[in-house]
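*Asks:* Can you read through this structure? Questions will come right after.
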Amino acid sequence: MEYKDKVTKLKWIPLPRTEKAEALHNPYCGFYSIYRFFADSKIEAVEGIPIEEVRVEPSRQLCLVEINLLHFNETKLTGEALEVVRMIFERFAKLEKQMVVRFLYDWEGKGILSEPKDISVIMNHMSQLAPLLKEYTKHIYILQGLFIGSWGEMHNSRYLSERHIARLARQLYECSGESTQIALRCPNFWRTLFKTYQPLEWVNAFTDIQKARFSLFNDGIMASDTDFGTYGNVGMKDSKSYSEKWVRKDELEFQNQLCRYVSNGGEVINEGPGNDVGPALEGLRKMRISYLHSDYDEKVLNKWKSSKSGVSEAPWREKTAFEYIEAHLGYRFSLEEASLSLVPDKSGRLKTAVKIVNRGFAPCYHKYEVKFVIRDASFSGIYEYEVDTDTRMWMPQELVSLEALIPPEQFNRSSYILCMGIYDPRMDRVIQIANTFSTPDHMGNYKLGNFTVGF
């Protein structure tokens, strides 16, 4: 059908927009808190409260849930222990939070002494947990580590050989949900596991192959030149084995490429020049950091809270570095421009176009639904148009153009509102946009502007 001559005139009035200087609290990113449990206890290990009474600050989206299996380091998990794990998962699912889950055997820095002496015990624990990991896939965003080492951080363990890492990684991959990432403690573990010096490429990203689901975490971010042993002293070009740790510059570049498609996060520790505001912002951007611990290291976090952001853009100039970092962890979508063609194309359709940019430190790693919506003020006439785009590829600082052709035959009123919505089907959440011009309506759509039509 052709629509030319249906619309004789159109007036488009875009709403003014500026970026707002505040955190958006969208899914899968931001500051997180830690919650610790023993697998054989229905009481949270730090606060001493029952699992069903655990509370999470409403603005927090991510929770690091540590589950200690120490009391089962020589035997299989009991039915009671598995029920406790279910209760833990159910509690955070009920709170509608995304979990970063870390199973471990040690909270005292005694990894070798605490973990099982036979790797088959760990493998069996993974198998026993598989039904729960798959049942709660929607809420388990990341599994950190491979159950081994001090604090579950993959060091001070008897299972760090290439053969052991490969066995544990494959087992956890098969025992976890298809959309759950598995985070390794250091980049060299990733290279060792997949026997390559090349990070993940787009052709393999977001597929069902094993390496597409393996990401990174770092609990020594900016602690020293090596991030307390996360990196090494070998240049990439001089590396002779996959297991060698590269110098900081090369490891940061590796992470920058790998974490286009998988997440990265952890803790900042050891206050010093390396985590002063300037180097911190540069490092967080380079590593594509999505999430950080909200309570540790307090000296680093307090330094950021007492320092200006150093950013020249107007909305952030007077904000603290902490406020800026909190708002830019992960993804942050900001509308730059919205337009509606004043003249129909040859078929009579109207073209709506939006330019949007991700101002966050990282991509979102999730394919959201994006749509344009045209409605009247009373919501009695609503027309939706899906936008063909992949939000996983909205890379930081890259301008993305979105377009849709609107057939005008349904317009039977003179005044309409053009809106846009971004929606996460996994968590059933509206994605917040970093602009001041509009708040989402009850359908989760943002107003872009008003237009009138004449026939």
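*Asks:* Condition (residue is more than 17 Å from ILE34 (Cβ to Cβ), of a type in the set (Gly, Ala, Ser) and either surrounded by 14 or more Cβ atoms within 10 Å (Cβ to Cβ) or in contact with a Leu (Cβ under 9 Å, 6 or more places away or on another chain) (or both)) applied to segment 115-122: is it met by at least one residue?
*Replies:* no
*Asks:* In segment 313-331, what count of residues is obtained for those that are more than 18 Å from SER294 (Cβ to Cβ) and out of contact with any Pro (no Cβ under 7 Å at 6 or more places or on another chain)?
*Replies:* Number of matching residues: 6.
*Asks:* What tally of residues in segment 260-314 results from selecting those that are charged (D, E, K, R), free of Cβ contacts under 8 Å to residues at least 40 places away in the same chain and part of a helix (DSSP H, G or I)?
*Replies:* 6
*Asks:* Could you list all residues from segment 170-188 that are in contact (Cβ under 8 Å) with a residue 40 or more places away in the chain, within 21 Å of the chain's Cα centre (by Cα) and outside any loop (DSSP other than H, G, I, E, B)?
*Replies:* LEU172, TYR173, GLN181, ILE182, ALA183, PRO187
*Asks:* Scan VAL354, VAL373, VAL343 and give me the residue that is outside any strand (DSSP E or B) and out of contact with any Pro (no Cβ under 9 Å at 6 or more places or on another chain).
*Replies:* That would be VAL343, the only listed residue that is outside any strand (DSSP E or B) and out of contact with any Pro (no Cβ under 9 Å at 6 or more places or on another chain).
*Asks:* If you scan segment 298-314, which residues turn out to be surrounded by fewer than 19 Cβ atoms within 10 Å (Cβ to Cβ) and either of a type in the set (D, E, K, R) or not assigned by TED's automatic domain parsing to the domain that holds ALA223 (or both)?
*Replies:* Scanning segment 298-314 gives GLU298, LYS299, LYS305, LYS308, GLU313.
*Asks:* Could you please give the count of residues in segment 424-455 that are part of a loop (DSSP other than H, G, I, E, B), among the aliphatic types (A, V, I, L, M) and crowded, with 20+ Cβ neighbours inside 10 Å?
*Replies:* Total meeting the criteria: 3.
*Asks:* May I pose another question? In the list THR78, THR18, which residue meets the criterion of being among the hydroxyl-bearing types (Ser, Thr, Tyr) and closer than 29 Å to LEU301 by Cα?
*Replies:* Just a single option satisfies the conditions, and that option is THR18.
*Asks:* May I ask you to say which residue of ARG317, ARG288 is surrounded by fewer than 17 Cβ atoms within 10 Å (Cβ to Cβ) and in the same structural domain as SER59 (by TED's automatic domain parsing)?
*Replies:* None of the other options fit; the residue is ARG317.
*Asks:* Further question: Any chance you could count how many residues in segment 189-215 are over 22 Å from HIS366 (Cα atoms) and either in contact (Cβ under 8 Å) with a residue 12 or more places away in the chain or touching a Cys at 6+ places or on another chain (Cβ under 6 Å) (or both)?
*Replies:* Qualifying residue count for the region: 8.
The values are calculated or read from the model by the stated rules, or taken from the named source; none is laboratory data. Only a predicted model underlies this, so the values are computations on that prediction, with no experimental measurement involved. For neighbour counting, all protein chains shown are included, and Cβ atoms are generated from backbone atoms with ideal geometry for every residue, glycine included.
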